[in-house]
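Encoded as structure tokens, the structure appears first; notes follow it.
Coordinate-derived values only; no laboratory data. The shown structure was predicted, so the numbers you read here are calculated from the model rather than taken from an experiment. Cβ: placed from backbone, ideal geometry, glycine included. Neighbour counts: every protein chain shown.
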Amino acid sequence: MGIIGTIFIGLIVGLLARFIKPGDDSMGWIMTILLGIAGSLLATYGGQALGIYQAGQAAGFVGALIGAVIVLVIYGFIKKR
């Protein structure tokens, strides 16, 4: 999957992460999508570099979703300070 595909998946994952993450997000949809894309890129290429999964596997989507939720949680903690 190329960078464009990863960004598109990140867009979808960002929206899903917002629904999965508990609590009230005080950020807008665009920021959620951007953080979802960042988490998706980080988890996708990080997971492939560590050899956890290969490009195009379903585990990549799950990893991207988990990465996006983690990035959203970290951003929430940083923003509260």
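Rounded to the nearest whole Hz, the Karplus-based 3J(HN,Hα) values (6.51 cos²θ - 1.76 cosθ + 1.60, θ = phi - 60°) of the range 63-69 follow the sequence x, 5, 5, 5, x, 5, 5, with x at glycine and proline. Comparing the chain with the 2.2 N^0.38 Å rule of thumb, its C-alpha radius of gyration ratio is 1.04 (two decimals). So which residue, out of G56, G36, G47, gets the largest mean-square fluctuation from a GNM of the chain using Cα contacts under 10 Å as springs? Highest fluctuation of the listed residues: G56. With neighbour counts taken as other beta-carbon atoms within 10 Å, the residues T44, T32 rank, fewest first, as T32, T44. Under a Gaussian network description of the chain, with springs only between Cα atoms under 10 Å, the residue in G60, G28, G46 that fluctuates furthest is G28. Exposure proxy for R81, R18: other Cβ atoms within 10 Å of each Cβ, ordered fewest to most, give R81, R18.
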